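*Asks:* Following this message is one structure expressed as structure tokens.
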Amino acid sequence: MRKQIAAANWKMNLTLEQGETLIDEILSSPLNVNEDKLAVFAVPFPYLINVKNKLAVKKNVFAAAQNCYNKKSGAYTGEVSAEMLKSIGLQYVVLGHSERREYFNESNAMLAEKVNICFENGLQPIFCCGEPLSIREAGTQNSYVETQLKESLFHLTADQLKGFVIAYEPIWAIGTGKTASSDQAQEMHAHIRSVLAAQYGNAVADSISILYGGSVKAANAKEIFGKPDVDGGLVGGASLVAAEFTTIINSLK
Ligand code: 13P
């Protein structure tokens, strides 16, 4: 069975103290996690070691970085390499979030390089894709997302993509309170899985966790995660509130 994942994306929020309090509150609640149901916390770089150490008391919960650079090492002031993340024992890295694509001009080609460098360092990307409102309104979201996947992932081998993690985040639903309906999410997730199946076969496509992101909250998580091709969520705003994110974790199927 493919993994179901509730991933928090704190983005550029919280002080260290606030973040640690949040983690403590979540860890002190009953969490329905196991080898097939994971909770992941993508936190700002300066907090990664602290958060990772805090999470170590519990199995099946992991820290993740929100990004890494597409070069191995060298004179890139202010950047963080995949090797650095590996050296602190991380397993997961969010790549290609729409905010990185928009504000930092991350292209599909650059993301292909980031994916490669993550694999070279044994890191599992949580690869984000998703269309802006104009594309949704034009009705061309399927081919838009397909291109994102093809240009950043389809150079990988079937072995590399086995158990991979993708997050579909329609940009019009991020931080807007406007969630895609569970049917809209299912429709795109099924499309993504069919594109993967056409290229890599059903076994690989079925092993890939496809998370939904965009205004997921405690009140809608169960319905969205209940759809057959939705394998959990990547959560922004609601992941900053302990009770919200705890309920979201416990809504995984
Ligand atoms: P919100 O949950 O705040 O809409 O953010 C979604 C997101 O961008 C997660 O990566």
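*Asks:* Tell me which residues, restricted to region 171-202, are over 20 Å from residue 147 (Cβ atoms) and crowded, with 19+ Cβ neighbours inside 10 Å.
*Replies:* Of everything in region 171-202, just one residue is over 20 Å from residue 147 (Cβ atoms) and crowded, with 19+ Cβ neighbours inside 10 Å, namely 179.
Residues are listed down the side, and each one gets a yes or a no for (1) at pLDDT 95 or above; (2) out of contact with any Gly (no Cβ under 6 Å at 6 or more places or on another chain); (3) of a type in the set (Ser, Thr, Tyr):
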position: 6; (1), (2), (3): yes, no, no
position: 15; (1), (2), (3): yes, yes, yes
position: 22; (1), (2), (3): yes, yes, no
position: 25; (1), (2), (3): yes, yes, no
position: 28; (1), (2), (3): yes, yes, yes
position: 44; (1), (2), (3): yes, yes, no
position: 62; (1), (2), (3): yes, yes, no
position: 65; (1), (2), (3): yes, yes, no
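*Asks:* Kindly indicate the residue of region 203-219 that is away from the ligand (no atom under 16 Å from the Cβ) and crowded, with 19+ Cβ neighbours inside 10 Å and also farthest from residue 98 (Cα to Cα) among those meeting that condition.
*Replies:* The selected residue is 204.
*Asks:* Further, regarding this structure: Counting just the residues of region 82-106 that are among the small types (Gly, Ala, Ser) and in contact (Cβ under 8 Å) with a residue 24 or more places away in the chain, which one comes out surrounded by the fewest Cβ atoms within 10 Å (Cβ to Cβ)?
*Replies:* 89
*Asks:* Test each condition in (1) among the charged types (D, E, K, R); (2) in contact with a Phe, Trp or Tyr (Cβ under 9 Å, 6 or more places away or on another chain); (3) more than 16 Å from the ligand (Cβ to nearest atom); (4) over 29 Å from residue 48 (Cβ atoms) for residue 131 and report the one that comes out false.
*Replies:* Just one mismatch for residue 131, condition (3).
*Asks:* Is it the case that some residue within region 175-190 is within 28 Å of residue 22 (Cα to Cα), within 16 Å of the ligand (Cβ to nearest atom), within 18 Å of the chain's Cα centre (by Cα) and touching a residue at least 60 places away in the same chain (Cβ under 8 Å)?
*Replies:* Yes, that holds for at least one residue.
*Asks:* Quick check: anything in region 241-250 touching a residue at least 24 places away in the same chain (Cβ under 8 Å), within 9 Å of the ligand (Cβ to nearest atom) and crowded, with 20+ Cβ neighbours inside 10 Å?
*Replies:* For region 241-250, residues touching a residue at least 24 places away in the same chain (Cβ under 8 Å), within 9 Å of the ligand (Cβ to nearest atom) and crowded, with 20+ Cβ neighbours inside 10 Å: absent.
*Asks:* Considering only region 220-231, how many residues are within 16 Å of the ligand (Cβ to nearest atom) and out of contact with any Lys or Arg (no Cβ under 8 Å at 6 or more places or on another chain)?
*Replies:* Total meeting the criteria: 6.
*Asks:* Looking at region 1-47, which of its residues are among the small types (Gly, Ala, Ser) and surrounded by 13 or more Cβ atoms within 10 Å (Cβ to Cβ)?
*Replies:* 6, 7, 8, 19, 29, 39, 42
The values are calculated or read from the model by the stated rules, or taken from the named source; none is laboratory data. The structure displayed is predicted, hence computed values, not measured ones. Please note: Cβ atoms are built from the backbone with ideal geometry, for glycine as well, and neighbour counts cover all protein chains shown.
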